[in-house]
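Report on the structure given below.
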Amino acid sequence: MGALKLDMAKAYDWMEWPFLRNMLLALGFDGRWVELIMLCVTSVSYSVFVNGARSEQINPTRGLRQGDPLSPYLFIICAEGLSLFLQQAQLRGEIHGCRVARGAPSISHLFFADDSLLLFKANVQEAEVIKHCLSVYEEMSGQAVNYHKSSICYSKNTRDDDREEVANILGVVQAPNFGKYLGLPSFVGRNRKAAFSYIEDKFRQRMGHGTRSYYRRQRTMNRYWWRSKDDQGIHWKVWDKLCIPKKYGGLGFKELRAFNLAMLGKQAWRFLTKPESLVSRVYKARYYPKGSFFGAHLGNNPSFCWRSIMAAQELICGGVRCRIGDGKSTLIWDHLWLHDEHNAKIITGKPPQLAQATVMGLMDQDENMGP
């Protein structure tokens, strides 16, 4: 399996306006709305100062403005064209994406604005299809892939001959890893300290002290707020008091461990409430294929991300109550579904033969009501 990380040359500046218009129309936007959007894009003009004198107006014929709040969304719409090319190639069986487990969706590409990651089998045939899709997209959109700054990684079982051939076809360099993708490490192995050492380095630069453990970082932050330029200062309040919200007498500073758990809890909440999303489907196929996140377990050989998210499972699921619809997915004994503030689970013994019984079995199917 190969993973190709693309670098687009002047991604926003080279976007062709006709291609943008056609993509908006192809995605079903109303023609009048499309004209309004295109008016925002095409009405721009520039002037520059040359030797202290203003030049004549420069009217561009392509490109999206950097800093315009519309531009990232319009770029994503244009990138949908490349996504369609890749999806069609996958449907024809010309490329094969990556599956993390049996039953998981096959992922051939991940896009975020102008950051692109393409996944395919590392062989000559699929590399040529990828190259063709990129060439067609470049010709239609005006975009240009900077192959000198793009790179490819391979799975461990890829042969050396295949590595060389695929990299030569695509015109990119081989890399052991991508470093960071979207601000985070692309690969996190056993040595997590090395993978996230850049965060600690930035922390030390901001605080001006060498810190290693969570508690030392917390003490360093405390000293930062209390010290003066010439001395260490006096700690008038302990850090726990400073982290209390302002309305309760604190200063509202973030307590690092609680803040991290809250961020992980957001992802756990998405697993519960948006099971149809791509990330939820991937994790479900790998870690809880026959149930929901509510009843998920750490499992064998869990990834670093999954282990981290599971740290917030009890926090999120402890206050969750199932809303009964048809009752097909709610287990009578294992899920929290009773309207009881103190005990939302059935407390009577669970007969082994009814271990997987659902609330639907308690309903009168004719009247669609409980017994």
Seminar exercise, completed: (1) open to solvent by less than 40 Å² (accessible area, probe 1.4 Å); (2) closer than 18 Å to Ile130 by Cα all hold for Gln88 apart from (1)
For this session: Would you list the strands (runs of 3 or more DSSP E) that sit entirely within the range 98-161 and hold 1 or more residues that are within 13 Å of Val172 (Cβ to Cβ) and not aromatic (Phe, Trp, Tyr)?
Result: 115-120, 151-154
Seminar exercise, completed: Here the residues within the range 254-313 that are closer than 22 Å to His109 by Cβ, small (Gly, Ala, Ser) and over 16 Å from the mean Cα position of the chain (by Cα) are Ala285
Exercise. Any idea how many residues of the range 266-280 are surrounded by fewer than 16 Cβ atoms within 10 Å (Cβ to Cβ), within 20 Å of Gly97 (Cα to Cα) and either hydroxyl-bearing (Ser, Thr, Tyr) or touching a Leu at 6+ places or on another chain (Cβ under 7 Å) (or both)?
Worked result: 1
Exercise. For the range 121-135, does any single residue satisfy the condition of being of a type in the set (A, V, I, L, M, F, W, C), in contact with a Pro (Cβ under 8 Å, 6 or more places away or on another chain) and surrounded by fewer than 17 Cβ atoms within 10 Å (Cβ to Cβ)?
Worked result: no
Exercise. When you scan the range 91-110, how many residues do you find that are β-branched (Val, Ile, Thr) and open to solvent by 40 Å² or more (accessible area, probe 1.4 Å)?
Worked result: 1
Exercise. Given (1) within 25 Å of Phe111 (Cβ to Cβ); (2) touching a Leu at 6+ places or on another chain (Cβ under 9 Å), where does Ala344 come up short, assuming only one miss?
Worked result: (1)
Seminar exercise, completed: Listed by first then second residue, the pairs whose first member lies in the range 94-107 and is under 14 Å from Ala3 (Cα atoms), whose partner is open to solvent by 40 Å² or more (accessible area, probe 1.4 Å) and assigned to a strand (DSSP E or B), with beta carbons under 6 Å and at least 6 positions apart or on separate chains, are Ile107/Cys98
For this session: Please find, within the range 57-74, the residue that is modelled with the highest pLDDT out of those that are among the hydrophobic types (A, V, I, L, M, F, W, C) and over 22 Å from the mean Cα position of the chain (by Cα).
Result: Leu64
Problem set entry | Only one of Tyr283, Tyr288 that is open to solvent by less than 30 Å² (accessible area, probe 1.4 Å) and out of contact with any strand residue (DSSP E or B) (no Cβ under 8 Å at 6 or more places or on another chain) | Tyr288
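Here is a yes/no grid of residues against (1) closer than 30 Å to Ser151 by Cβ; (2) assigned to a helix (DSSP H, G or I):
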{"residue": "Lys5", "(1), (2)": "yes, no"}
{"residue": "Pro18", "(1), (2)": "no, yes"}
{"residue": "Gly28", "(1), (2)": "no, no"}
{"residue": "Leu36", "(1), (2)": "no, yes"}
{"residue": "Val44", "(1), (2)": "no, no"}
{"residue": "Pro60", "(1), (2)": "no, no"}
{"residue": "Asp68", "(1), (2)": "yes, no"}
{"residue": "Gly81", "(1), (2)": "yes, yes"}
Problem set entry | Checklist (1) touching a strand residue (DSSP E or B) at 6+ places or on another chain (Cβ under 6 Å); (2) closer than 30 Å to Ser277 by Cβ; (3) modelled with pLDDT under 90 applied to Leu118, failing item | (3)
Problem set entry | All positions within the range 299-353 that are without any contact (Cβ under 8 Å) to a residue 40 or more places away in the chain, of a type in the set (Val, Ile, Thr) and surrounded by 13 or more Cβ atoms within 10 Å (Cβ to Cβ) | Ile324, Thr330, Ile332, Ile346
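The values are calculated or read from the model by the stated rules, or taken from the named source; none is laboratory data. Keep in mind the model is a prediction, meaning the values are calculated, not measured. Neighbour counts run over all protein chains shown; Cβ positions are idealised from the backbone, glycine included. Protein only, heavy atoms only, side chains kept; ligands, DNA and RNA dropped before computing areas. Shrake-Rupley method; radii C 1.70, N 1.55, O 1.52, S 1.80 Å.
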